[in-house]
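Participant: Shown below is the structure under consideration.
Only the coordinates and a few stated rules stand behind these numbers; no lab work does. Just so it is clear, the structure is predicted and the values come from calculations on it, not from any experiment. Positions of Cβ are generated from backbone atoms using ideal geometry, with glycine treated the same way; all protein chains shown enter the neighbour counts.
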Amino acid sequence: MESRYTPVEIEAKWQKAWAEQNLDTTPDDSSKPKFYALSMFPYPSGSLHVGHTRNYVITDVIARLKRMQGYRVLQPMGWDAFGLPAENAAIARNTHPATWTYKNITQMKEQLRPLGLSIDWDRELATCSPDYYRWTQWIFLQFLDSGLAYQKEAAVNWDPVDQTVLANEQVDNEGRSWRSGAKVERKLLRQWFLKITDYAEELLADLDKLTGWPERVKTMQANWIGKSVGAYLEFSIVGMDEKVGVFTTRPDTVYGVTYVVLAPEHPLTPQVTTKERQSAVEKFIEEVSNESELERTAEDKPKRGIPTGGKAINPFTGAEIPILIADYVLYEYGTGAVMGVPAHDTRDFVFAQQNDLPIKTVIIPKGGDADAELTEAYTESGEMVNSDSFDGTPSVKGKEKIIAKAEKEGTGKARVQYRLRDWLISRQRYWGVPIPVIHCDACGAVPVPEQDLPVELPEDVTFSAQGGSPLAKLESWVNVPCPTCGKDAKRETDTMDTFIDSSWYFLRYTDAKNDQQVFDPAKVNDWMPVDQYVGGIEHAILHLLYSRFFTKVLRDRKLLNFDEPFQKLLTQGMVQASAYKNPKTEKYVAPSDIADLDNPQDPETGESLEVFYEKMSKSKYNGVPPEEVTSKYGADTARLFTLFKAPPEKDLEWEGADVEGQFRFLNRVWRLVHEYADQANHKQQSVDAAKLSKPEKELRRAVHTAIQETSEDLDGDYQFNTAVSELMKLSNALGNADDKTSSVYGEGIKTLLLLLAPFAPHIAEELWQMLGHADSILFQSWPQIDQEALVADEITLVIQIMGKTRGTIEVPASSTKAELEQYARDSEVGQRYLEGEMVKKVIVVPGKLINFVVAK
């Protein structure tokens, strides 16, 4: 029989066979428990590298394992296909975003197929398809009907190059757009929002339900929601009826408030500004408007502010205090105003010193000096001073008492506030889901009737890098009759943030072809929640938070019967590869342009290049296409490498030599099974445990130890790297066996293939069929442990003298402590080292070692 392992031919054979057999990887068998395994779906950028494929391989191993463990498994795939990159690519290439996107989907799908992923491609979806975004628009209408979608004017981050709104996360520390690099501007626009703040408390509280999530991800979400418990206090404005409202977590410091700061955008700013200060204030506001939100709030940048000339009244002291405006106060956060307590807030302390503002101590450590000059803010709890009748009150209790006084006098009340703000979903670009609203002068914002969905993107548009969305310029699309009154009206020309698409796609997979409903509630409630979600840590906050928000809203609309979308979350590490960079120019150089990789030099300047590991990326020229590996070593080798090199949550460094190591392991398995299959008696024989020889018992123990250890590695926290190590140990045990014709050896060969199947499905399928099995290994049962096989007849006992190992002996596993001592004394090792010695103490660790303590 041919013993050469030819992975490319074998894998092509089985990929074709599986497709022709149309194996049902998602059986509709309600008698089995369900398991929903999901990878975060990819953006179709054009090509994949092995950094991307690690995500899908991890999920596929889990899905294959669960099928073998008796579950009905759902493992779908789709494409997060809308977004700004496609539109920019269309402009650059003079093509349509749809053309570019679908071409990339085809290419990436062809890259994925050879990996042997057991994906249910019948459920494939693309978010840019009208069949999908029809239902995205329908969901938006549910938000609108629930009062959870609204429009308002807001200050936004505006990219002057890409001509669109940017989320804060899309602006770097220097205030530049993450994509175009342009200096971001602040701009007032009428925008659409979703009221995620209505669910802030539930989103925070339900993190406790997510026991299968990494703690750091839950912490990141909790910090993003940012719950603060404190007080809302109002400061009257001198000469006006209006009041300035502030939120504070330290109401106990209110007697130390020596100024109030407004956001430059606050509507009270022009009202409190005196004529003498008007010119300076207007100039300052103009300067601040050119700064991004991150620039204004960065901790490492000085806080700038100027007085308005206006005065407020501290409601507790009655003192008049100045009103300033400052760049670090944002109107969108809290009330858009803060009370300045420089003695007890680090930022306020610095700001007060810069602007020559009073600093008044009102909290001191127990036994401290209230009159001591401060060199820095005292921010801890302590004892209230200079606080009228509250002097001597512990500041923790003082918080409650101050709030009670404010409520009694009508100047404030207790309040819980969140850092989380409502979700701005408007984007001023073409390639996104059109917001299904029509604006009528008579009727206002009117939802598009459900029967008119989807509102499709028109194809006859002109793309330009300037001037905002091409939708706004297409009058034939914009101008429509009002659905309510029939008068002339206009479509909404903003499209939705692409996070909308990814906030519910996992629900659509459960009923992906339904053209009558967003999904059948019976189907979605059967498959959901996702049992195992796999994706990058970069999505730990927004995508996961928005998905949780959508789930809760749709639950409240009686479409779902669960609270959380993802039961378990695995955030896989990045795949890194060697990158070459000129340290002087900061430019990366492609390896193909370097003459000598051992002594890399910039081909343009001749300067030496730095070499280091970085996340695979097109921009760094270090992405390794999966086909570069699969064409030489096969998909199974590529899969094993990404699983073996590092634990799934850790970063992985790509090394060609390590790939070769996995290829050698698979060749060893190939030879073992071939040699066994060549025997006349290779058909599976039953194992009679009572008649096994000592070597057979040892081999069987190795077989069932492999089952036990591998199963444990794949239960709960997936440790694929150590699971693969167990497979290697088993292959070594089989390779070292003297008798390769025994029933135990046959059991070991079968077990090795079954354990290998989720990791390397192609070679496992080929060798499984070679042994005469007709059914696919994909649907075989996971091996079960025979506990009796794990019980050893003999153990190796380590003999120590004064804690130093002197040798080992084989002893019966059932030996008592007294018997172990006697065996050790009678052994050659014991007699040699104990002769003439006085044994003072004997320490026995059953099953492991015996230590003799002798007199010196």
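Participant: Binning at 10 angstrom from zero up to the longest distance, how are the C-alpha pair distances of the chain distributed in percent?
Facilitator: Final binned percentages: 2, 10, 16, 18, 17, 14, 11, 7, 4, 1, 0, 0.
Participant: Using Cβ counts within 10 Å as a stand-in for footprinting exposure, how do M802, M616 rank, fewest first?
Facilitator: On the way: M802 12, M616 23.
Ordered from fewest to most neighbouring Cβ atoms within 10 Å, M802, M616 come out as M802, M616.
Participant: Would you calculate the separation in nanometres between label points at K694 and D460, each defined as 7 Å from the Cα along the Cα-to-beta-carbon direction?
Facilitator: 9.0 nm
Participant: Skipping prolines and chain starts, which residues have an amide H placed within reach, meaning under 5 Å, of the one on I363, given they are 5 or more residues away or on another chain?
Facilitator: Correct list: V385.
Participant: So who's got an amide H within less than 5 Å of the one on L570, skipping anything under 5 residues away but keeping other chains? H placed 1.01 Å off N, in plane.
Facilitator: Y533, V534, G535
Participant: Would you mind checking K243/K399; K16/K218; K16/K513 for any pair whose Cα atoms are more than 32 angstrom apart? Could the numbers behind the result be given before it?
Facilitator: Working: K243/K399 22 Å; K16/K218 43 Å; K16/K513 25 Å.
Check vs 32 Å cut-off fails for K16/K218.
Participant: Related question: Counting other beta carbons within 10 Å of each Cβ, put M728, M384 in order, fewest first. List each step's numbers first, then the result.
Facilitator: Numbers: M728 16, M384 26.
Exposure proxy ranking, most exposed first: M728, M384.
Participant: Going by how many other Cβ atoms sit within 10 Å of their own, how do T751, T6, T637 line up, fewest first?
Facilitator: Going from sparsest to densest Cβ surroundings: T6, T751, T637.
Participant: Could you tell me which of the pairs K109/K750; K311/K408; K227/K405; K209/K620; K473/K615; K103/K183 are separated by over 30 angstrom between their Cα atoms in the structure shown? Present the calculation step by step, with values, prior to reporting the outcome.
Facilitator: On the way: K109/K750 33 Å; K311/K408 24 Å; K227/K405 24 Å; K209/K620 40 Å; K473/K615 41 Å; K103/K183 32 Å.
Distance filter (> 30 Å) returns K109/K750; K209/K620; K473/K615; K103/K183.
Participant: Another question, if that's okay. Between the DSSP loop rule and a limit of at most 15 other Cβ atoms within 10 Å, which chymotrypsin sites (Phe, Trp or Tyr not before Pro) in the stretch 806-856 are left?
Facilitator: Numbers: sites: Y823, Y833, F852; in loops: none.
The qualifying sites: there are none.
Participant: T808's amide H: which non-local residues (gap 5+, or another chain) put their own amide H closer than 5 Å, with H modeled 1.01 Å from N in plane and none for Pro or chain starts?
Facilitator: Correct list: I799.
Participant: Next up: I want to check the label-to-label distance for D515 and E376. Put each point 7 Å from Cα in the C-beta direction and report it in nm to one decimal.
Facilitator: Result for the modelled spin labels: 6.8 nm.
Participant: Short version: ³J(HN,Hα) in whole Hz for each residue of the stretch 274-285, in order, from phi by Karplus 6.51 cos²θ - 1.76 cosθ + 1.60 (θ = phi - 60°), x for Gly and Pro, what are they?
Facilitator: Couplings: 7, 4, 5, 9, 4, 4, 5, 5, 4, 5, 5, 4 Hz.
Participant: To continue, here is another question. At a threshold of 8 angstrom on Cα-Cα distance, excluding pairs fewer than six apart, so keeping six or more, what relative contact order does the chain reach in percent?
Facilitator: Details: 1567 pairs, mean separation 110.8, N = 856.
Worked out over the chain, it gives 13 percent.
Participant: Let me test this: with uniform point scatterers at the alpha carbons of the stretch 639-790, what is the Debye-based log₁₀ I(q)/I(0) at q = 0.18 1/Å?
Facilitator: Log10 I(q)/I(0), no solvent term: -1.10.
Participant: Continuing with this model, one more query. Please list, or write none, the lysines whose alpha carbon is within less than 30 Å of the alpha carbon of K848, excluding same-chain residues fewer than 8 places away.
Facilitator: Of all the lysines, those that pass the test against K848 - Cα under 30 Å, at least 8 places apart if same chain - are K691, K694, K697, K729, K804, K817, K840, K856.
Participant: Going by alpha carbons, how many degrees (0 to 90, nearest 10) lie between the helix axis of 761-770 and the longest principal axis of the chain?
Facilitator: Relative to the chain, helix 761-770 is tipped by roughly 20 degrees.
Participant: Taking every pair of alpha-carbon atoms in the stretch 734-781, give the share separated by more than 13 Å as a whole percent. Please report the intermediate quantities before stating the final value.
Facilitator: Details: 624 of 1128 pairs.
In whole percent, the long-distance tail amounts to 55.
Participant: Helix 656-677 versus the longest principal axis of the chain: what is the Cα-based angle in degrees, 0 to 90, to the nearest 10?
Facilitator: Roughly 40 degrees, rounded to the nearest 10.
Participant: So if we plug the beta-carbon distance of Q685 and V611 into 1/(1 + (r/R0)^6) with R0 = 60 Å, what FRET efficiency do we get, rounded to 0.05? Don't jump to the answer; show the numbers that get you there.
Facilitator: Values: r = 55 Å, r/R0 = 0.92.
FRET efficiency, Q685 to V611: 0.65.
Participant: Could you tell me what a quarter of the Cα convex hull surface of the stretch 227-418 works out to, in nm² with one decimal place?
Facilitator: Values: hull surface 42.7 nm².
Convex hull of Cα atoms, orientation-averaged projection: 10.7 nm².
Participant: Now for a different question. For the stretch 400-491, what is the Kirkwood estimate of the hydrodynamic radius, computed as the reciprocal of the mean inverse distance between distinct Cα atoms, to one decimal in Å? If you can, show how the numbers build up before the last one.
Facilitator: Details: mean 1/r = 0.0589 Å⁻¹.
Averaging 1/r across every pair of different Cα atoms and inverting gives 17.0 Å.
Participant: Residue by residue through the stretch 807-812, what is 3J(HN,Hα) from phi via Karplus (6.51 cos²θ - 1.76 cosθ + 1.60, θ = phi - 60°)? Round to whole Hz and write x for glycine and proline.
Facilitator: x, 9, 9, 8, 9, x
Participant: If you count, for each residue, the other Cβ atoms within 10 Å and average over each peptide, how do 586-592, 640-646, 44-50 line up from highest to lowest?
Facilitator: Top of the packing list down: 640-646, 44-50, 586-592.
Participant: I've got another one for you. Can you quote the Å³ per residue value for the convex hull of the Cα atoms in the stretch 311-458, rounded to an integer?
Facilitator: In the stretch 311-458, the Cα hull volume divided by residue count equals 222 Å³.
Participant: Here's another thing I want to ask about it. Run through every distinct alpha carbon pair of the stretch 794-854 and return the Kirkwood hydrodynamic radius in angstroms, one decimal place. Present the calculation step by step, with values, prior to reporting the outcome.
Facilitator: Details: mean 1/r = 0.0894 Å⁻¹.
One over the average 1/r among Cα pairs gives 11.2 Å for the stretch 794-854.
Participant: Tabulate in residue order the Karplus-calculated ³J(HN,Hα) for the stretch 701-711, using 6.51 cos²θ - 1.76 cosθ + 1.60 with θ = phi - 60°, rounded to whole Hz; enter x for Gly and Pro.
Facilitator: Running phi through 6.51 cos²θ - 1.76 cosθ + 1.60 with θ = phi - 60° gives 4, 5, 4, 7, 5, 4, 4, 4, 5, 5, 4 Hz.
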